[in-house]
Amino acid sequence: MLDEMVRWIVSIVGQWGYLGIVIMMALESSFVPFPSEVVMIPAGYLVFEGKMNMAIAIGMGVLGSWLGALVNYYMAVFLGRPFLLRWGKYFFINEREFMKVEAFFRRHGEIGTFTGRLIPVVRQYISFPAGLGRMNPVHFLFYTGLGAGIWVTILAWIGYIAGQNQGLIRKYSQQATMLLLIGCALLILIYVLIHRRKATQTAQVEKDQKGLV
């Protein structure tokens with residue numbers, strides 16, 4: 001069944017062109033569970049064949065990611081946490097995983113939205129805690145677009161370079177995912193260390209000020 005879905009998605013991208021990229025990436029970025037690889041990698045191959053423009057394909061991928069992310073964001077805003085946890089299981093939203101993402105978002109805020117778009121599984125659900133936390137919509141779109149832009153660009157170039165070679169596609173996709181995970185971990189670590197240092201400095205300043213009173 002999954003193979004049939006993948007073939008259907010690939011055919012949509014091929015037949016509908018840029019509109020197909022927007023629609024499929026919007027679904028991928030919402031709560032519909034299928035990988036963005038089956039959308040953007042074929043798009044990259046179509047660029048190689050001269051049937052698409054790389055910049056436009058990437059732009060449509062980001063646009064679709066924005067639309068799908070906004071669906072999740074406003075679902076969280078208007079429906080709230082109890083509804084998501086009650087009905088999320090029917091859309092493969094596990095309560096335990098959701099709570100992990102929610103905790104991650106609380107700790108790291110906007111950087112969580114950016115890095116979350118680069119992490120498998122998390123990228124589909126990171127918009128829910130953003131909506132629950134009433135994150136500034138402009139900031140949400142900026143960080144979502146930044147993360148999604150990096151990911152769809154990588155996938156499009158994998159399709160452009162690897163073509164229809166499934167072995168190379170799998171190899172490059174795994175390597176890209178691993179590098180992104182390492183990069184996200186380092187970025188979050190640096191972010192946390194900087195904020196801890198600022199918090200320590202602020203606490204010291206307040207302590208010194210109290211000592212002068």
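Read-outs: derived from the displayed coordinates by stated rules, not from any lab. Just so you know, these numbers come straight off a predicted model, no measurement behind them. Quick reminder, even Gly has a Cβ in these numbers, built from the backbone with ideal geometry, and neighbours come from all protein chains shown.
Among the GluC sites (Glu not before Pro) in region 25-62, those placed in a DSSP loop whose Cβ has at most 15 other Cβ atoms within 10 Å are GLU49. Computed from label points 7 Å out along Cα-Cβ, the spacing between ALA199 and PHE34 is 4.2 nm.
With both labels modelled 7 Å from their Cα along Cα-to-Cβ, the ILE190 to GLU49 distance reads 4.0 nm.
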